[in-house]
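Visitor: My questions will all concern the structure given below.
The values are calculated or read from the model by the stated rules, or taken from the named source; none is laboratory data. Predicted model, so just to flag it, every value in this text is computed and none were measured. Here the Cβ positions follow ideal geometry from the backbone for every residue, glycine too, while neighbour counts run over all protein chains shown. Each accessible area value is taken on the protein alone, full model and side chains, heavy atoms only, with ligands, DNA and RNA left out. Shrake-Rupley method; radii C 1.70, N 1.55, O 1.52, S 1.80 Å.
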Amino acid sequence: MEVVILPDAEAVAALAARTVAAELRRAERPVLGLATGSSPLGIYAALRGIVEAGELSMDGVRGFALDEYVGLPVGHPESYAEVVRREAVVPLGMDPALVRVPDGAAEDIEAACADYERAIAEAGGVTVQILGIGGNGHIGFNEPTSSLASRTRIKTLAAATRQANARFFAEADGASVPTHCLTQGLGTILEAGALVLVAQGEHKAEAIRQAVEGPLSSRWPASALQLHRRATVIVDEEAASRLELADYYRDTVAAKPDWQRV
Ligand code: F6R
């Protein structure tokens with residue numbers, strides 16, 4: 001795992017966007033793995049700059065979101081279908097017909113999940129997956145104790161996740177946040193060609209420590225990144241504040257030859 005510690009959220013977003021752009025550019029069938037929440041917003045803004053500068057074309061790029069709430073009406077502004085459309089598809093000029101989000105309104109949830117897995121496989125797999133991380137260590141909505149081999153399925157959201165995401169909904173106490181979601185599994189996420197996880201802020205520091213330096217354990221689902229050969233974790237100083245080996249990560253990045261820099 002490559003760990004890059006940068007001074008602030010802006011620098012995190014800029015490097016993550018450059019990394020994602022480089023992966024998409026060299027892919028024969030580029031497929032972007034989309035995350036929602038606040039962490040990746042800077043990445044989408046920076047990617048837009050790269051596209052507008054003519055350094056990346058999103059023509060023909062497919063997209064798959066990590067997750068979706070269950071039970072929100074179609075078009076709800078906080079449904080991830082809407083968030084993905086608003087924050088990524090429109091600003092990046094992606095073709096909406098090429099972008100999919102798990103169907104949280106499906107009558108047959110199991111069939112919808114199987115169909116989602118099939119669609120990812122038919123697209124040739126995700127080229128590069130953007131990830132945020134929950135304070136409890138979830139990626140996607142794979143809450144603690146999720147199987148490291150899990151596939152797209154329905155999950156119950158942890159109380160801490162509903163509380164954290166309440167800020168996006170009308171009521172601030174978490175009561176209006178759906179109780180369930182569909183999420184790509186850890187096994188699904190691990191099949192992406194490259195993973196780029198970003199985290200900003202002190203409230204993510206423990207989850208980052210456990211993901212990067214803790215034991216591989218479903219207790220901290222993001223520790224599954226340790227199984228991936230091409231995982232990059234890009235964090236600001238605050239999110240890095242509990243990393244025991246921070247100096248080593250800094251030395252490693254500083255010692256990189258130019259040709260390895262994105
Ligand atoms: C969202 C997702 C989640 C978030 C995580 C962090 O698609 O999969 O894992 O990345 O909950 O959320 P923020 O970025 O809002 O702190």
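Visitor: Taking every pair of distinct Cα atoms and averaging 1/r, then inverting, what Kirkwood hydrodynamic radius in Å comes out for region 1-81?
Guide: About 14.2 Å for region 1-81.
Visitor: Run the helix sum for the chain: -39,500 (n - 2.57) per DSSP H stretch of 4+ residues, divided by residue count, reported at 222 nm to the nearest 500 deg cm²/dmol.
Guide: -8500 deg cm²/dmol
Visitor: Tell me, what % of the accessible area of region 2-254 is carbon and sulfur with a 1.4 angstrom probe?
Guide: Carbon plus sulfur share of accessible area: 51 percent.
Visitor: Using only C-alpha atoms and all pairs of different ones, pull out the Kirkwood radius for region 105-183 in Å with one decimal.
Guide: Result for region 105-183 stands at 14.0 Å.
Visitor: Further, regarding this structure: Relative to 2.2 N^0.38 Å, what does the C-alpha radius of gyration of region 60-157 come to as a ratio? Two decimals please.
Guide: Expressed relative to 2.2 N^0.38 Å, the Cα Rg reads 1.07.
Visitor: Within region 177-200, name every residue whose backbone N is under 17 Å away from a label modeled 7 Å from Cα of Ala149 along the Cβ vector.
Guide: So the set is 185-191.
Visitor: List the residues, sorted by chain then number, that are 5 or more residues from Ile234 or on another chain and whose placed amide H is less than 5 Å from its amide H.
Guide: Val4, Leu197, Val198, Ala199
Visitor: Taking the chain on its own, what percent of its Cα-Cα pair distances exceed 31 Å?
Guide: 19
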